[in-house]
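The values are calculated or read from the model by the stated rules, or taken from the named source; none is laboratory data. Owing to the predicted nature of the structure, the values given are computational and were not obtained by experimental measurement. Reconstructed Cβ throughout: ideal geometry from the backbone, glycine too, with neighbour counts over all protein chains shown. Surface accessibility is based on the protein's heavy atoms, side chains included, excluding ligands, DNA and RNA. Shrake-Rupley method; radii C 1.70, N 1.55, O 1.52, S 1.80 Å.
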Amino acid sequence: MMKAIAYSTALCMAAVWLAMPATASGAADRDKLLSEPGVYGTFAAFSFDEDWTKEDQRTRIAHLMVLKGVVEQYQEKLAIDLYLLRGLSDHADLLFRIHATELRDTQKFLVDLQASLFGSHLKTAVILNGLTKKANYVPGFPEQMKADLKAASEPGDKPYAIVIPIRKSAEWWSLDQDKRAEMMKEHTEAALPYHKTVKRKLYHSSGLDDLDFITYFETSKLEDFHSLILSLEKVKEFQYTRRFGHPTLIGTVRSLDEVIEILAQ
Amino acid sequence: MMKAIAYSTALCMAAVWLAMPATASGAADRDKLLSEPGVYGTFAAFSFDEDWTKEDQRTRIAHLMVLKGVVEQYQEKLAIDLYLLRGLSDHADLLFRIHATELRDTQKFLVDLQASLFGSHLKTAVILNGLTKKANYVPGFPEQMKADLKAASEPGDKPYAIVIPIRKSAEWWSLDQDKRAEMMKEHTEAALPYHKTVKRKLYHSSGLDDLDFITYFETSKLEDFHSLILSLEKVKEFQYTRRFGHPTLIGTVRSLDEVIEILAQ
Amino acid sequence: MMKAIAYSTALCMAAVWLAMPATASGAADRDKLLSEPGVYGTFAAFSFDEDWTKEDQRTRIAHLMVLKGVVEQYQEKLAIDLYLLRGLSDHADLLFRIHATELRDTQKFLVDLQASLFGSHLKTAVILNGLTKKANYVPGFPEQMKADLKAASEPGDKPYAIVIPIRKSAEWWSLDQDKRAEMMKEHTEAALPYHKTVKRKLYHSSGLDDLDFITYFETSKLEDFHSLILSLEKVKEFQYTRRFGHPTLIGTVRSLDEVIEILAQ
Amino acid sequence: MMKAIAYSTALCMAAVWLAMPATASGAADRDKLLSEPGVYGTFAAFSFDEDWTKEDQRTRIAHLMVLKGVVEQYQEKLAIDLYLLRGLSDHADLLFRIHATELRDTQKFLVDLQASLFGSHLKTAVILNGLTKKANYVPGFPEQMKADLKAASEPGDKPYAIVIPIRKSAEWWSLDQDKRAEMMKEHTEAALPYHKTVKRKLYHSSGLDDLDFITYFETSKLEDFHSLILSLEKVKEFQYTRRFGHPTLIGTVRSLDEVIEILAQ
Amino acid sequence: MMKAIAYSTALCMAAVWLAMPATASGAADRDKLLSEPGVYGTFAAFSFDEDWTKEDQRTRIAHLMVLKGVVEQYQEKLAIDLYLLRGLSDHADLLFRIHATELRDTQKFLVDLQASLFGSHLKTAVILNGLTKKANYVPGFPEQMKADLKAASEPGDKPYAIVIPIRKSAEWWSLDQDKRAEMMKEHTEAALPYHKTVKRKLYHSSGLDDLDFITYFETSKLEDFHSLILSLEKVKEFQYTRRFGHPTLIGTVRSLDEVIEILAQ
């Protein structure tokens, strides 16, 4: 389909395409999907096949336009975020975080993506499914802690994102709610000093994959994020963790256009 | 064989093919295979090779017709169900659940499938074999619990399916039957609230693969399914579980025709 | 070499080849290899490469004739059994069980097989080496148990075969012979009810690979085999098992000619 | 692009290229990056794809010039070290150690490298991210030990480099700082005899990948390095180590020019 | 380069090449490398790529001559032994054991090997590095045991070789030298009955890879070797072993010429 178009035209078209704004209605849904409970979050990480870097730039640009098309087609119903993992994670090159009210909508998007020209270069590396839920332990926390947790994080870009899958031990789940709540209070106290510089989001995933939780972090200060994890490793609750990472996915938050720019080169 | 047929004809033929009803006799066997003890259940998950998405649509449609032919040829003797895993599971794209009175009939089907034009694009990802058996602990349960277990699940489609392989610890098997029955009663109590919205089916597989059980779930409410698993993680019996998932296979229940439609695109 | 031969001739030749009887002398050696101690048993499982199903039938038949030739060339010195794993095991498609008085004879056969036209399509999946030995604990068993163990298994085909590798814990080996003998008596009692319908053969493999034992089973009643394994999981000795399966290889016992017929299609 | 250039010219160009000195300003940054806390260290190990050794020498030289170009372009901002792992490690052929003040600068370099002609032959094997920090336990050590730690290592080349990833147990992190400091003092005492012949550098990586630490060693005396590790395995702190190696990366320190010379052959 | 040479000539050249004796000086170094402490031993196992068996015989012979050339070029400085693993180990086809006074010499050989025409068909499977050291516990053994250990092994070929990597537990290393010596005495007593028929060589590898020891065995009686391992599993010291094998490499000792003959077919 691109064969008759001259090289310069292809680049030009790409530029035009990149400049197209997302629809306003999509933006509205996105806020709800990213903040409400009962939303499914899927982390789908892919690596490129060996042919990708061997394709010429024009073919790659054509394929990236297809990526843009598929993502934008689903932006109204789904909240789709992109991350560049290449160079920082050895598991995958590209990560999609997809929020949806039904997991089959997410599946439809990913099946379409993989069936596309761009998708033919992707190899599935990791897929993690989770669910947002109302806070479990927070209602029982002291008022000051609740207030601290509500404080907004520092404004400005948070270019780094990290995904850490977690599985608790059988012993953890056998503890009664009070004991777990007490330990989660200690956990939260240890985390509070990093509340402003490290944004967190929690997904519950027991049964939806081989995990209990997917923890998602955004930050501009990776050193703070590292200190946060170190603090969390020191509290009692950490001893009930059977799997932490494996894989840890680390990368940079990127707009769809940035991803296209980077991969077009 | 398809080379002389024009593109539109191929699509048309596919449409006709898709409309062919399954034979009535097949349907009868199917009910027995899906409800009786002493039936072998095999979960065979495949991923597509790299060439699949690179084939043109017409070739893919020709291949999918072959899939349809092979499945329908065996539908009279076997109960074959299909699931789309792509996008939700990172282990495989397509799952077949096959019920048979003899495992070698299942093997014959899968060998034929893999030898077919369609099968040449499949890579075996996971094969799990199990056996349906009469309920082990239920006879000793209180009458009310037995009645609750007999209650029909809510009518309507259950679009999601999840397969979780389980291996118990050596300690579990060393417990006497009474102790295990007591814990299974607690397990069943924890599961009952989800009885109506989450359908379950159990396969015993000690010796038939590296597992003790294959648990199979169908639901339209994934959040309920998640809550069910969370409840089951909290009962004492869960502490005797050495492997839970690894892999967890999650996908959507699809008719053969739906699979063909989706993969033809 | 097959290029000048017409398709029908190739099929015809294959038919003739398939009808050639094994030599009588080979059969004699086979009985000794399969019953005596001090014989090496190797389980070599292979999967087909992606090109195999893409070859046309005539080429596949030519390759399968080569397989037949290589196997028959070694049948006099080795006892070679074939099993079809495809469809039932996710680790491999084809299993060879080879008995030899010297492991280097087995190696010679497998090196020749892999160097052949047919072998060029095989990828090594699993190789397990073991050794038959005189029964270790049986001499101390009660006379009735010894008699029961000598009872012949039910006549008739046993179409299914299962291979389960086992590694015992360091604790097991540190127990004195009496304690181990006592537990093996309990193990044998649990196994006896299945003696007639499930044939067993034991290979010792400490040092010859990452295992202590290879257990081999043949049966026509997989449900009995499953019950046998379940019974064995319940005895005390099972708690000293560190690895059980991983992989479990399950398939159907096939003559060389059956394998060729199935793979030619 | 290289097609019109004669073979001898290509070699000649390569020689000229190899002789180009690194810029002085780059060298200055390098010292700071390699000595200060708050610097990110990434270990990115790659293996060559199957086509690399099949390329003719001229193509390989052209590709290696691209490698040189990409590395030198980033040398001013990043400190990039190269190691040849091939022949000594089974995980990878080539290792890059990159120091940067921001991990996204490291990502930019590695993305560019992988997008290059040379990079098209690389398969990502392992990526480990860490952070340099001020010494945690040293301030509390006795004065003599502090002095000993400050002693310079023996002058001269240290041709061997070893990278050992470490993960501590949850129990380690749950100990109070005093107990950990005491054990780290014992650890340091055991290490001191090797201080002069084995250079060490520590990276903290909790949260940045599936580790707590990356330990990096340089030596000309591998036997001393082996004795050092053996000494460290004997101290109490080692019992709180859950992962040590897996992978251990071992190779030789190489200048960019040496790597090019070796890989051009 | 071989293209202009007729097939028969190639075979003839191969025959001549095979007949060339190793230089006498090389043999002298070899004795020292194989008997003295402070020597590095590397076990590098490779599998063939899918193209190897698909090459015609003439090409394979040309490639094998290159192998011969590379090995002989390094024989003066290194002691290089070859083993055929194919058919007995599922990890690799060909094993090189290389002894060197400096690990970078070993690296040079393996880099050259992999860069050669022959090497382009090799995929690295396993690399293990170790170091020979003076006996640690023997000096404290009773005189009779020392004498027994000095007894020569039975003359004659030892066609089988087995490599078993070992990692001890942290608890082992935390024991004091006396306790370890006592257990090693028991270990040695258990091993002595097999001293004449099973040759052993020990390499220390803490830090040089993910192991503590590489144990190497040669025997003509695999059954004796199996009994030796079984005896060693029963002594107390074995309970401090965290990894034993994984992989166990088993194969046949082969001269360079034998390897060439076998692989040429």
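Looking at segment E:135-184, which of its residues are under 27 Å from D:E186 (Cβ atoms) and of a type in the set (S, T, N, Q)?
The answer is E:N136, E:S169, E:S174, E:Q177.
Could you list all residues from segment C:67-98 that are open to solvent by 20 Å² or more (accessible area, probe 1.4 Å), in contact with a Gly (Cβ under 8 Å, 6 or more places away or on another chain) and either within 14 Å of chain B (Cβ to nearest Cβ) or in a helix (DSSP H, G or I) (or both)?
Hit for segment C:67-98 is C:R86, nothing else.
Only one of these conditions is not met by C:T132: (1) β-branched (V, I, T); (2) surrounded by 19 or more Cβ atoms within 10 Å (Cβ to Cβ); (3) in contact with a Phe, Trp or Tyr (Cβ under 8 Å, 6 or more places away or on another chain). Which number is it?
(2)
With at pLDDT 95 or above and under 16 Å from the mean Cα position of the chain (by Cα) as the only criterion, which of D:Y194, D:Y240, D:Y203 stands out?
On the way: D:Y194 fails: under 16 Å from the mean Cα position of the chain (by Cα); D:Y240 fails: under 16 Å from the mean Cα position of the chain (by Cα).
When all the criteria are applied, what remains is D:Y203.
In the list D:F238, D:F141, D:F225, which residue meets the criterion of being crowded, with 18+ Cβ neighbours inside 10 Å, more than 9 Å from every other protein chain (Cβ to nearest Cβ) and either in contact with a helix residue (DSSP H, G or I) (Cβ under 7 Å, 6 or more places away or on another chain) or at negative phi (or both)?
Result of the check over D:F238, D:F141, D:F225: D:F141.
If you check C:A264, C:A181, which single one turns out to be farther than 30 Å from E:Y240 by Cα, more than 16 Å from the chain's Cα centre (by Cα) and hydrophobic (A, V, I, L, M, F, W, C)? Spell out the reasoning first.
Working: C:A181 fails: farther than 30 Å from E:Y240 by Cα.
From the options C:A264, C:A181, the qualifying one is C:A264.
Would you confirm whether any residue within segment B:168-179 is crowded, with 18+ Cβ neighbours inside 10 Å and not in a helix (DSSP H, G or I)? Talk me through it step by step, then tell me what you get.
Restricting attention to segment B:168-179, the residues satisfying the condition of being crowded, with 18+ Cβ neighbours inside 10 Å are B:168, B:170, B:172-173.
From the residues that got through so far, the ones that are not in a helix (DSSP H, G or I) too are B:168.
Checked against the condition, which is being crowded, with 18+ Cβ neighbours inside 10 Å and not in a helix (DSSP H, G or I), segment B:168-179 yields at least one hit.
Being charged (D, E, K, R) and assigned to a strand (DSSP E or B) is the requirement here; does E:K201 meet it? Steps first, please.
On the way: charged (D, E, K, R): yes; assigned to a strand (DSSP E or B): yes.
Yes.
Using the structure shown, decide if A:D56 is over 21 Å from A:H246 (Cα atoms), modelled with pLDDT under 95 and within 18 Å of the chain's Cα centre (by Cα).
Values: over 21 Å from A:H246 (Cα atoms): yes; modelled with pLDDT under 95: yes; within 18 Å of the chain's Cα centre (by Cα): no.
No; evaluated as a whole, the condition is false for this residue.
Return yes when C:I260 is in contact with a helix residue (DSSP H, G or I) (Cβ under 6 Å, 6 or more places away or on another chain), of a type in the set (A, V, I, L, M, F, W, C), more than 30 Å from E:L228 (Cα to Cα) and in contact (Cβ under 8 Å) with a residue 24 or more places away in the chain and no when it is not.
Values: in contact with a helix residue (DSSP H, G or I) (Cβ under 6 Å, 6 or more places away or on another chain): yes; of a type in the set (A, V, I, L, M, F, W, C): yes; more than 30 Å from E:L228 (Cα to Cα): yes; in contact (Cβ under 8 Å) with a residue 24 or more places away in the chain: yes.
Yes: the conditions hold for C:I260.
Go through B:A15, B:A10, B:A28 for me and flag whichever is in a helix (DSSP H, G or I), under 27 Å from C:L88 (Cα atoms) and modelled with pLDDT under 95.
Going through B:A15, B:A10, B:A28 in turn, just one is in a helix (DSSP H, G or I), under 27 Å from C:L88 (Cα atoms) and modelled with pLDDT under 95: B:A28.
What's the number of the only condition in (1) at pLDDT 95 or above; (2) open to solvent by 10 Å² or more (accessible area, probe 1.4 Å) that C:P165 fails to meet?
The single condition C:P165 does not satisfy is (2).
Before we move on, is A:A151 modelled with pLDDT under 95 and either within 14 Å of chain B (Cβ to nearest Cβ) or open to solvent by 30 Å² or more (accessible area, probe 1.4 Å) (or both)? Reasoning before the result, please.
On the way: modelled with pLDDT under 95: yes; either within 14 Å of chain B (Cβ to nearest Cβ) or open to solvent by 30 Å² or more (accessible area, probe 1.4 Å) (or both): yes.
For A:A151, the condition - modelled with pLDDT under 95 and either within 14 Å of chain B (Cβ to nearest Cβ) or open to solvent by 30 Å² or more (accessible area, probe 1.4 Å) (or both) - is met.
Within segment E:36-66, can you find the residues that are out of contact with any Asp or Glu (no Cβ under 9 Å at 6 or more places or on another chain), under 12 Å from E:L131 (Cα atoms) and open to solvent by 10 Å² or more (accessible area, probe 1.4 Å)?
E:E36, E:P37
Could you figure out which of (1) assigned to a helix (DSSP H, G or I); (2) within 13 Å of chain E (Cβ to nearest Cβ); (3) small (G, A, S); (4) farther than 25 Å from E:L94 by Cα isn't true of C:S120?
(4)
Would you mind telling me which numbered condition in (1) in contact (Cβ under 8 Å) with a residue 12 or more places away in the chain; (2) within 14 Å of chain B (Cβ to nearest Cβ) A:D176 fails?
Evaluating A:D176 over (1) in contact (Cβ under 8 Å) with a residue 12 or more places away in the chain; (2) within 14 Å of chain B (Cβ to nearest Cβ) leaves (1) as the failure.
Among B:E233, B:E261, which is open to solvent by 10 Å² or more (accessible area, probe 1.4 Å) and either part of a helix (DSSP H, G or I) or aromatic (F, W, Y) (or both)?
Going through B:E233, B:E261 in turn, the sole match is B:E261.
Would you check if there is a residue in segment C:183-193 being open to solvent by 20 Å² or more (accessible area, probe 1.4 Å), assigned to a helix (DSSP H, G or I), of a type in the set (D, E) and more than 10 Å from every other protein chain (Cβ to nearest Cβ)?
yes
Go through segment B:248-258 residue by residue and tally those that are surrounded by fewer than 20 Cβ atoms within 10 Å (Cβ to Cβ) and touching a Ser or Thr at 6+ places or on another chain (Cβ under 7 Å).
0
Would you check if there is a residue in segment C:99-116 being away from chain E (no Cβ under 12 Å), assigned to a strand (DSSP E or B) and crowded, with 21+ Cβ neighbours inside 10 Å?
Initial filter on segment C:99-116 (away from chain E (no Cβ under 12 Å)): C:99.
Filter again for assigned to a strand (DSSP E or B), leaving C:99.
Still in the running and crowded, with 21+ Cβ neighbours inside 10 Å: C:99.
Within segment C:99-116 (the criterion being away from chain E (no Cβ under 12 Å), assigned to a strand (DSSP E or B) and crowded, with 21+ Cβ neighbours inside 10 Å), the answer is yes, since at least one residue qualifies.
Among A:Y216, A:Y203, which is within 14 Å of chain B (Cβ to nearest Cβ), touching a residue at least 60 places away in the same chain (Cβ under 8 Å), buried (at least 17 other Cβ atoms within 10 Å of the Cβ) and within 24 Å of D:A170 (Cα to Cα)?
On the way: A:Y216 fails: within 14 Å of chain B (Cβ to nearest Cβ).
After applying the criteria, what remains is A:Y203.
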